Ligand SMILES: CC(C)(COP(=O)(O)OP(=O)(O)OC[C@H]1O[C@@H](n2cnc3c(N)ncnc32)[C@H](O)[C@@H]1OP(=O)(O)O)[C@@H](O)C(=O)NCCC(=O)NCCS
């Protein structure tokens, strides 16, 4: 990691004026623009319904963000599940410990809210996020994420009841 002074970084609540910067950062990182998504999230923050988004700021500039919430995703799962939906750092400021700071701040807030386990969904081909989450201590869980394509027939292989497949999980 580069030598970088993290003392100038401030982690704070999201504000309306951050949305454009977050959208820019996401576009640089992922090639997609999601202004409507972030405006909706901002509204949820205002209503105080979720844990909400937190921002990493340096010299009044948004350099990173994290977004998650708390709650069950399905019947029978605990209400105090912590979720991280997205985390992103400006490309010029990556590998300097900013995502770790955002995660540590979020982790502390989850603990205050009695969350036991934090969940996130990451693509198996994501070679930026997977090593990051691994470093933060995340490991494969004993539930599997399933998907159903409305436009296509299910492929013949990859059966979810397949014993070898379940062993991998
Ligand atoms: C993944 C991401 C958030 C990590 O942010 P970051 O600020 O660079 O991460 P940090 O510097 O805090 O890294 C924390 C630890 O994870 C490790 N790490 C982070 N990214 C890594 C990578 N790509 N490969 C290997 N290790 C990595 C670091 O080495 C560090 O370990 P250390 O503390 O032992 O040195 C950032 O790369 C990013 O924004 N990526 C693109 C955005 C993205 O895909 N967002 C998800 C949208 S849904």
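The values are calculated or read from the model by the stated rules, or taken from the named source; none is laboratory data. On a predicted model such as this, the values are computed, not experimentally measured, just so you know. Here Cβ is always computed from backbone atoms with ideal geometry, including for glycine, and neighbour counts include all displayed protein chains.
Here is the figure for the range 125-154: residues that are more than 16 Å from the ligand (Cβ to nearest atom) and touching a strand residue (DSSP E or B) at 6+ places or on another chain (Cβ under 9 Å) total 2.
The residues in the range 1-38 that are in contact with a helix residue (DSSP H, G or I) (Cβ under 6 Å, 6 or more places away or on another chain) and more than 20 Å from residue 102 (Cβ to Cβ) can be counted, and the count is 2. Residues considered: 23, 19, 122, 115. Of these, the only one that is within 14 Å of the ligand (Cβ to nearest atom) and either part of a helix (DSSP H, G or I) or in contact with a strand residue (DSSP E or B) (Cβ under 6 Å, 6 or more places away or on another chain) (or both) is 23.
Could you pull out the residue among 41, 13, 60, 27 that is within 17 Å of the chain's Cα centre (by Cα), at pLDDT 85 or above and loosely packed, with under 12 Cβ neighbours inside 10 Å?
None of the others qualify; the one that does is 13.
Would you mind stating whether residue 102 is touching a residue at least 12 places away in the same chain (Cβ under 8 Å), under 24 Å from residue 5 (Cα atoms), within 16 Å of the ligand (Cβ to nearest atom) and within 15 Å of the chain's Cα centre (by Cα)? Here the answer is yes, as residue 102 does meet what is asked. Got at least one residue in the range 86-94 being within 22 Å of residue 12 (Cα to Cα), more than 9 Å from the ligand (Cβ to nearest atom) and at pLDDT 90 or above? Within the range 86-94, one or more residues are within 22 Å of residue 12 (Cα to Cα), more than 9 Å from the ligand (Cβ to nearest atom) and at pLDDT 90 or above.
With respect to the conditions (1) over 27 Å from residue 145 (Cα atoms); (2) at pLDDT below 90; (3) assigned to a loop (DSSP other than H, G, I, E, B), residue 50 falls short on a single one, namely (1).
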